Structure formats: C-alpha cells, structure tokens
1. In region 69-79, which residue that is of a type outside the set (Gly, Ala, Ser) and not in a strand (DSSP E or B) is surrounded by the most Cβ atoms within 10 Å (Cβ to Cβ)?
2. Give me the pairs: first residue in region 107-123 and on the phi > 0 side of the Ramachandran plot, second residue modelled with pLDDT of 95 or more, beta-carbon distance under 9 Å, and six or more apart or on different chains, which are they?
3. Are there any pairs, at least 6 apart or on different chains, whose C-beta atoms fall under 7 Å, with the first in region 180-194 and over 11 Å from ASN49 (Cβ atoms) and part of a loop (DSSP other than H, G, I, E, B) and the second open to solvent by 10 Å² or more (accessible area, probe 1.4 Å) and of a type in the set (D, E, K, R), and if so, which?
4. With THR113, THR85 as the choices, which residue is touching a His at 6+ places or on another chain (Cβ under 7 Å) and of a type outside the set (Gly, Ala, Ser)?
5. Can you pull out the residues in region 116-126 that are over 15 Å from PRO91 (Cβ atoms) and either hydrophobic (A, V, I, L, M, F, W, C) or assigned to a strand (DSSP E or B) (or both)?
6. Which numbered condition trips up ASP169, out of (1) in contact (Cβ under 8 Å) with a residue 12 or more places away in the chain; (2) assigned to a loop (DSSP other than H, G, I, E, B)?
7. Looking only at region 178-212, count every residue that is closer than 20 Å to PHE81 by Cβ and open to solvent by 30 Å² or more (accessible area, probe 1.4 Å) and tell me the total.
Amino acid sequence: MSVRSSILTLTIVVRIAVAGFAATLAIGLAGCSPRPAEVNEPGSYAAANSSDCLPALTLVDQHGSDVPLVSLKGRPVLIDFIYTTCPGPCPLMTARMAAVAKLLGPKLGKQVTFVSISIDPEHDRPAELEQYARARGADEAGWLFLTGTPAQIDRVLALYHLERSRNPDGTVNHAVMSFLLGPDGHQVRQYQPLEVKASAVVADIDRVLGRS
C-alpha cells in the first residue's frame, strides 16, 4: 500500500471514530436532561409522577370550609402552589391561571376545578387566601384556595415530589410548577406556568374531558 493510500485510510478511520463519539456524546447528554423528553408546547411536559395526588386528606378553603382532596376526583383538576405574601412568581402564576380560567369560561366549576394550595400555612389562613384571590381576580366558582397545618401541606407537597423551605427574611423557597390531574387524581401533564400558553393548558384540559 502506498503512503498516500495509508494516509487516506487513516483519515477515513479517524473521521468515522469522531462521528461515532459525537453521536454517543449527544445520546449521553440527552439522557442527562432534567426535563421529561416529551415536550409538545413550551413549558408543557409529560407527567413524571404516578402518585394519587388527591388523597383522603382534608384542607380548608378560602371561605373556611373543609375540602377533602379525594372529593375533587371525577373531573380534571389544575393545581398550583402559591402563598399570599410571595414577592416574586406567585402573583404571576395566579395571573396565568386566571388566563386559563377566562378561556375555559363556564367549564370552570362545572367540568373543571382549579386548586391553589398555600405553601405558607403558618401565615395563610382562609381570610388571607380570600383577600389574595379577590385582589387578583381569582375569586371564581370552581377555584379553591386551600390551606392546612404545616404537616398537611408538607404531605401534599411530597405527593408532587416538591418541598418548601423558609429563608431568614420569611420568604418561602418553592418550585414554580403547576399540574393537570385527571379525574382519577393522577397527573396528566405538568407545566412551567410562567412559560406555558394558556391555550395549551386549555387544549390539554379539553383532551382530558374528551376521554372522561
């Protein structure tokens, strides 16, 4: 074999090896992605939790009434976690939920339930939740703002693989997430509520209604 042929053969082998390494690296990086692989819309992700998220646990709504979470089964539930003195994303999350509510129209309360659970039960009692809801145009039939004891709230958060922690200034660290539950209480979709379009959430809700 000539020197020129040897060099050409070596070049081809090196290029194949580099291409194979690049493909392997791409696969490896994809496997390290922190988000579920299925993404239909920006901010909308496949459910990554098979837990029953509406257990036999009773919280209290903004009007002081007991609400067993299990009683919410039978229709889709859109749920998020906020607190009334939140200086950052919570009011924006509530505004995004309100945009979804506007698109749903009369379906909210009749076919769909919204739930916002306080992650600051040490402060948020029914009166604070009612004031928060009214101030943000969220005091609508079919939209529950719930609180409970710290132990109850931590138990609910654990069902969603979430947790909360308090900063020295009193603010609460928490994940900015919302979840669509099916009539059986299991997650159908999860959202980054500051990214997902209201129309995409409504489309998911309509799909669940069509299957139920």
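1. LEU69
2. Between residues of region 107-123 that are on the phi > 0 side of the Ramachandran plot and residues that are modelled with pLDDT of 95 or more, the close pairs are GLY109/GLY142; GLY109/TRP143.
3. Note: pairs meeting the criteria are PRO183/LYS73; PRO183/ARG75; ASP184/LYS73; GLY185/ASP52; GLY185/LYS73; PRO193/ARG96; LEU194/ARG96.
4. After ruling out the rest, the residue left standing is THR85.
5. Within region 116-126, just ILE117 meets the criteria.
6. For ASP169, the failing item is (1).
7. 5
This table checks each residue for (1) in a helix (DSSP H, G or I); (2) at pLDDT below 95; (3) open to solvent by less than 70 Å² (accessible area, probe 1.4 Å); (4) within 16 Å of VAL201 (Cα to Cα).
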| site | (1), (2), (3), (4) |
| --- | --- |
| ARG4 | yes, yes, no, no |
| ALA19 | yes, yes, yes, no |
| GLY64 | no, no, yes, no |
| VAL67 | no, no, yes, no |
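The values are calculated or read from the model by the stated rules, or taken from the named source; none is laboratory data. Note that this is a predicted model, so its numbers are computed, not measured. Backbone-built Cβ (ideal geometry, glycine too); neighbour counts: all protein chains shown. With ligands, DNA and RNA removed, areas are computed over all heavy atoms of the protein, side chains included. Shrake-Rupley method; radii C 1.70, N 1.55, O 1.52, S 1.80 Å.
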